[in-house]
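To start, the structure itself, in structure tokens.
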Amino acid sequence: MFDDLISLIRSLYGTDGKIALHEPRFGSYDKELVLHAIESTFVSSVGEYVNRFERELADYLGVKHAVVTVNGSAALHVALRLAGVVADSEVITQALTFVATANAIVYNGAFPVFLDVDRDRMGLSPDRVSQFLEENAERCENGVFNKKSGRKIAALMPMHTFGLPCRIEELCDIGRKWGIPVVEDAAEALGSICGGRHCGSFGQLGVLSFNGNKIITSGGGGAIVTNDDRVANLAKHLTTTAKVPHQWAFEHDMIGYNYRMPNLNAALACAQLQHLPAYLDDKRELAGIYQRFFAESGWADFFEEGPECTSNYWLNAIVLDSESQRDRFLEETNRVGIMTRPIWKLMNELKMYAGCRCDDLSNSGWLQDRVVNLPSGVRKHE
Ligand SMILES: Cc1ncc(COP(=O)(O)O)c(C=O)c1O
């Protein structure tokens, strides 16, 4: 049953050997900038490439500031803190996500509340968030509190799954209505657009990842993006050990973190950002081929971007009929060297999050049993 797809994937990647889910691509410009960073001796957390990448990334996204970090997890940790997430507060997020989203909440001493996703987008459902707030939240002088737990609801944290934009505008409307900040986990969504605006630029803060499996990579890396000057300054301060600028003195005025992106990684990031438009085109073409294949063969549904949205199609995803069909698919494709993966386990099913508050997760559970990713790496490169 899966033979036609296996042949298609082999023809797309032009190999009888192993095909990865998402391999990075590097060319001569990437090597040139990395070598230049090495020769400059500025390989750690200061250097021209850090400043250049922050400026170019902010310009690309249409935001005022980008503060780059060692990885997306560190960026999420600090972004939540800057949004006002403190110990014993709660953050509403989706149950169906990569574990880093939930971990960042706990790094801040806060409690995740796992709500359902929309079935068509796999992102936090605005309807479920509204319903949860109507039933559980009350406005007080110093914020919105969960009537049942007594904790402050400090942030909403939606995630754009596999680069497909979630209903971010509606979620921001809910955040505004209740006075709860939105921190957008756009780790997977660089280059995705919703209603003309870049994913990551909607919330009070947005977070990106440049891990080796992402659409562009700096080896390891992340970014906090914001339009707020004060928040951006504090993000930079906190991620650079809260050192007070001075030519030689070691003065630190807060407990900060050593989270800045090294210049060596930023050099690679600068080169990769130049490739992004070509990578996006290649991925769109690949997604179109998969979409037509599944429209014709009909044995699985391909995830398409929603109306008014442009996905970066970071990882292409399909929905199979059942859990057993999914398992057969994963076994057969991986046996012949084509890497495919199931979507994540729900957060509340991981042992460390087993006791967390969650609501009806019927869409998340349905998707968990059926969704798999197909090879999605960029094929064409210089
Ligand atoms: C949704 C999501 N959030 C956060 C992260 C964390 O990013 P990083 O791996 O750069 O720490 C990732 C990716 O790995 C991710 O997919």
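For (1) under 26 Å from Glu23 (Cβ atoms); (2) within 16 Å of the ligand (Cβ to nearest atom); (3) of a type in the set (Asp, Glu); (4) outside the structural domain of Arg121 (by TED's automatic domain parsing), each residue gets a yes or a no:
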position	(1), (2), (3), (4)
Ile180	no, no, no, no
Glu184	no, yes, yes, no
Ile193	yes, no, no, no
Gln204	no, no, no, no
Phe210	yes, yes, no, no
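To keep it simple, each residue is scored yes or no on (1) more than 16 Å from the ligand (Cβ to nearest atom); (2) more than 22 Å from Ala100 (Cβ to Cβ); (3) more than 19 Å from the chain's Cα centre (by Cα); (4) exposed (fewer than 14 other Cβ atoms within 10 Å of the Cβ).
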residue	(1), (2), (3), (4)
Asn213	no, no, no, no
Thr217	no, no, no, no
Val231	yes, no, yes, no
Lys243	yes, yes, yes, no
Phe250	yes, yes, yes, yes
Asp253	yes, yes, yes, yes
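Among residues of the stretch 230-246 that are outside the structural domain of Arg55 (by TED's automatic domain parsing), none has a beta-carbon under 6 Å from a residue that is surrounded by fewer than 20 Cβ atoms within 10 Å (Cβ to Cβ) at least six positions away or on a different chain.
Residue count for the stretch 17-26 under the criterion of being over 25 Å from the mean Cα position of the chain (by Cα) and at pLDDT 95 or above: the result is 1. For the stretch 71-106, which positions are within 15 Å of the ligand (Cβ to nearest atom), among the β-branched types (Val, Ile, Thr) and surrounded by 22 or more Cβ atoms within 10 Å (Cβ to Cβ)? Across the stretch 71-106, the qualifying residues are Val78, Val91, Thr93, Thr97, Thr101, Ile105. Look at Asn312 and say whether it is within 27 Å of Gly14 (Cβ to Cβ), of a type in the set (S, T, N, Q) and buried (at least 18 other Cβ atoms within 10 Å of the Cβ). For Asn312, the condition - within 27 Å of Gly14 (Cβ to Cβ), of a type in the set (S, T, N, Q) and buried (at least 18 other Cβ atoms within 10 Å of the Cβ) - is met. Scanning the stretch 42-70 for residues that are touching a Gly at 6+ places or on another chain (Cβ under 9 Å) and away from the ligand (no atom under 16 Å from the Cβ) turns up Tyr60, Leu61, Val63. Does any residue of the stretch 325-341 turn out to be in contact with a helix residue (DSSP H, G or I) (Cβ under 6 Å, 6 or more places away or on another chain) and within 21 Å of Pro165 (Cβ to Cβ)? No, the conditions are met nowhere in the stretch 325-341.
Test Val144 against the criterion of being in a strand (DSSP E or B) and either surrounded by 23 or more Cβ atoms within 10 Å (Cβ to Cβ) or not β-branched (Val, Ile, Thr) (or both), and give yes or no. It is false that Val144 is in a strand (DSSP E or B) and either surrounded by 23 or more Cβ atoms within 10 Å (Cβ to Cβ) or not β-branched (Val, Ile, Thr) (or both).
Phe145 falls short of the stated requirement of being over 21 Å from Gly200 (Cβ atoms) and within 16 Å of the ligand (Cβ to nearest atom).
The values are calculated or read from the model by the stated rules, or taken from the named source; none is laboratory data. Bear in mind that the values here come from a model prediction, so they are computed numbers and not experimental data. We place every Cβ from the backbone using ideal geometry, glycine too, and count neighbours over all the protein chains shown.
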